[in-house]
Amino acid sequence: MMFLSRVPLNPARAGTKKLLASPQVGHAAVMAAFPPEHTSAAGNGSGRVLWRIDRHDPAIDLYVVSPTEPDFTHIVEQAGWPTTTAWATRKYLSLLDTLTEQQQWHFRLTANPIRSAMDRTADGPLTRGKPSGLTPADQMSWLHRRSDDNGFKLGVCRSPQGEVPDATIIERSTLRFRRGPATITLSTATYEGILEVTDPQKLRGALINGIGRAKGYGCGLLTLAPLA
């Protein structure tokens, strides 16, 4: 069983500002919506907890996919609209079970696209270095490289320059936050566009287990919506 939830956030609340400023705070708040025995961060075939914060000025929404039905009372009380709006949760299998090849969907994904720099010692072989951020063009290439393994391809549209992918990066950000004694730097890109299903089973896996790294920090959640 999988669930998809949306929690409207109040931009004027101090709790919302904390969620936006620190993925570590967001991770703790999301995981507190589940009993301890259901908060394993490891992905598996049955899905994992994924989350993402979407900004549609002036609205801000927290989206969560989870294998267990959540209780977001604490988030609503601290960062939401406790007297007017709670949250909405629906079963996710109704979408997952209807995916077929060649379907087209509007998609949204916030990811942590990185590359590992290859370092060469003075007299030794290439070694894998620390992860580094990408340019916008590199971030789009990153998504293209991962699309096939995740069961989709990006849609295309025609332009005077020929066919171009019908997808774009709508937001890029770099956040620095504390995790214990360490300072974490997280670079993200939010993609929107049209995808076409090439392998329903792989796409189901991407929808419930996420894409890329930093899934505990609000990255990796791919969501689909019907084309208008």
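Tabulated values for the structure
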quantity: Segment 168-195, subset more than 20 Å from residue 18 (Cβ to Cβ) and aliphatic (A, V, I, L, M), residue surrounded by the fewest Cβ atoms within 10 Å (Cβ to Cβ); calculated: 170
quantity: Those residues of segment 86-142 which are modelled with pLDDT under 90, of a type in the set (Ser, Thr, Tyr) and within 18 Å of residue 221 (Cα to Cα), in sequence order; calculated: 94
quantity: Complete set of residues in segment 70-85 that are modelled with pLDDT of 95 or more, assigned to a loop (DSSP other than H, G, I, E, B) and of a type outside the set (A, V, I, L, M, F, W, C); calculated: 70, 71, 80
quantity: Residue under evaluation residue 46, criteria (1) under 17 Å from residue 86 (Cβ atoms); (2) modelled with pLDDT under 95; (3) hydroxyl-bearing (Ser, Thr, Tyr), criterion not met; calculated: (1)
quantity: Tally of residues being in a strand (DSSP E or B) and at pLDDT below 80 across segment 156-184; calculated: 8
quantity: Residue within segment 50-57 that is in contact (Cβ under 8 Å) with a residue 12 or more places away in the chain, buried (at least 19 other Cβ atoms within 10 Å of the Cβ) and farther than 28 Å from residue 177 by Cα present; calculated: no
quantity: Residue that is surrounded by 15 or more Cβ atoms within 10 Å (Cβ to Cβ), under 19 Å from residue 56 (Cβ atoms) and touching a residue at least 24 places away in the same chain (Cβ under 8 Å), where the choices are 223, 198; calculated: 223
quantity: Selection status of residue 36, over 19 Å from the mean Cα position of the chain (by Cα) and more than 16 Å from residue 216 (Cα to Cα); calculated: no
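The values are calculated or read from the model by the stated rules, or taken from the named source; none is laboratory data. Quantities reported herein were computed from a predicted structural model and do not represent experimental measurements. For neighbour counting, all protein chains shown are included, and Cβ atoms are generated from backbone atoms with ideal geometry for every residue, glycine included.
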